[in-house]
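A.B. asks: One structure coming up, written as structure tokens, with questions to follow.
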Amino acid sequence: MFASNKGSPPHRGASRLRPCEIPMIASPERCIVCGSRPRALFRRGDLSVVRCPACGLEWLSPFPEEAAAGTMYGESYLRRWGIDGPEALARVRAMKESSYRSFLREIQRHRAGGRLLDVGCALGFLLGVAREEGFDPYGMDLNPSAIEIARREFGDRAQAGPLGPATFPGLRFDVITLIDVLEHAPDPGALLDLLRERLAPGGVIAAVLPNAASLTRRILGRRWPHYACEHLWYWSPANLRRFLQDRGWIVRALRTGIRKTYTARYLHAYSACLGGWLPPGLGILGNMRLRIPTGEMMAVVTPVSSPLAAGDSLGR
């Protein structure tokens with residue numbers, strides 16, 4: 001339903017962008033976890049973040065209009081990461097596939113094989129790894145340019161547009177992945193409710209998203225790279241667990257300290273693009289691969305009514 005930042009890094013020397021330079025619309029006036037009124041946390045350029053004093057949930061206030069409407073995730077969203085030829089595409093693909101392989105192996109502890117839907121599949125890199133791991137993969141993304149590339153390998157199994165009745169009609173999925181997606185959704189609860197309807201009995205949803213209680217967030221503060229205008233929500237493990245349980249989900253796993261594989265060039269360009277902190281000397285490492293903690297977490301959930309949830313305790 002929502003595109004993710006599964007693209008590629010910008011060209012070397014890409015100019016530093018301001019955090020947000022787009023029209024804004026109102027965001028929720030009360031916390032979607034506990035109903036409390038938020039307090040201002042910080043402002044950086046056009047980016048304004050508020051925090052719930054009760055449960056700690058953070059969100060942008062106001063929301064960028066394009067992010068809330070999904071129109072941000074067009075051709076320019078991936079173009080700014082600049083895959084500039086087959087060699088660059090291959091490097092980015094190998095980098096991303098390394099991360100996705102570790103995510104899928106974690107998911108297989110809860111549901112091995114079956115039909116998988118990757119929401120926000122971008123160029124389809126996760127779909128290829130899922131197929132290697134024994135899943136029957138499908139993908140969708142708001143970005144038509146990304147889906148055009150994904151369809152070269154996956155055909156009609158990759159579809160552009162929001163999730164709806166016309167998206168893979170009649171199919172239910174054993175696994176639905178939300179890798180770098182839930183933080184983009186203006187109404188995360190509504191998105192999860194919609195995906196619940198597309199889960200097969202015993203199916204699971206696996207989400208990877210920023211962890212606002214992470215060590216990197218505590219060290220970097222407002223320069224944390226995840227503070228970006230396309231990221232509307234910033235969860236901690238505690239308030240994410242509460243939100244999910246209150247909406248009828250069993251939290252089967254909630255793992256912090258997630259590591260992703262990046263090239264040094266990708267990290268340098270990503271931070272420069274979003275205005276985040278730049279580690280000294282990072283750029284000179286070029287295409288060296290680094291497997292690093294990114295200040296993210298992974299949640300695996302199943303509906304309370306799911307057969308898989310029978311006898312399971314709420315959260316663990």
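A.B. asks: Could you compute the net charge surrounding L163? Neighbours are other residues with a C-beta less than 10 Å from the C-beta of L163; K and R count +1, D and E count -1.
C.D. replies: Here the charged neighbours net out to 0.
A.B. asks: Could you state the number of Å between the C-alpha centres of the stretch 184-217 and the stretch 97-175?
C.D. replies: Rounded to whole Å, the Cα centres lie 15 Å apart.
A.B. asks: With the Cα gyration tensor of the stretch 150-246 in hand, convert its eigenvalues to equivalent ellipsoid semi-axes via √(5λ) and list them largest first in whole Å. Show your work: numbers first, answer last.
C.D. replies: Details: eigenvalues 163, 59, 26 Å².
For the stretch 150-246, the ellipsoid semi-axes come out as 29, 17, 11 Å.
A.B. asks: Would you please put 135-148, 35-48 in order of how densely packed they are, using the mean number of other Cβ atoms within 10 angstrom per residue and starting with the highest?
C.D. replies: 135-148, 35-48
A.B. asks: Which far-off residues, 5 or more places away or on another chain, put their amide H under 5 Å from the one on S236, with H placed in the peptide plane?
C.D. replies: Close amide H contacts, sequence-distant or interchain: A212.
A.B. asks: Ranked highest first by the average count of other Cβ atoms within 10 Å around their residues, in what order do 50-62, 98-110 fall?
C.D. replies: 50-62, 98-110
A.B. asks: I need the peptides 162-168, 198-204, 298-304 ranked by packing, meaning the mean over residues of other C-beta atoms within 10 angstrom, with the highest value on top.
C.D. replies: Working: 162-168: 13.9, 198-204: 18.9, 298-304: 21.3.
Listed from highest to lowest mean packing, they are 298-304, 198-204, 162-168.
A.B. asks: Determine the sum of side-chain charges near S36: Lys and Arg each +1, Asp and Glu each -1, restricted to other residues whose C-beta is under 12 angstrom from that of S36.
C.D. replies: +3
A.B. asks: Nearest 0.05, what FRET efficiency do E132 and R172 give at R0 = 25 Å with Cβ-Cβ as r?
C.D. replies: Working: r = 23 Å, r/R0 = 0.91.
That pair, E132 with R172, gives E of 0.65.
A.B. asks: Express in nm, to one decimal, how much length is gained between R109 and A253 on full extension, taking 0.36 nm for each residue of separation and deducting their alpha carbon distance.
C.D. replies: Stretched fully, the R109-A253 segment lengthens by 50.9 nm.
A.B. asks: Note down the net charge around R291, summing +1 for each Lys or Arg and -1 for each Asp or Glu among other residues with Cβ under 11 Å from its Cβ.
C.D. replies: +3
A.B. asks: OK, next. Which of the three applies to the stretch 101-188, rounded, prolate or oblate, going by the alpha-carbon gyration tensor with a ≥ b ≥ c and a/c under 1.5 meaning rounded? Provide the component values of the computation, followed by the final result.
C.D. replies: Values: a/c = 1.44, a/b = 1.24, b/c = 1.16.
In terms of gyration-tensor shape, rounded.
A.B. asks: Still on this model: Under the Kirkwood approximation for Rh and a Cα-based Rg, what ratio Rg/Rh is obtained for the stretch 84-309?
C.D. replies: Ratio value, two decimals: 0.95.
Readers should treat all values here as calculations from the given coordinates under stated rules, not as data from a laboratory. Model, not experiment: these values are computed from the prediction. Every residue, glycine among them, receives a Cβ derived from its backbone with ideal geometry; neighbour counts consider all protein chains shown.
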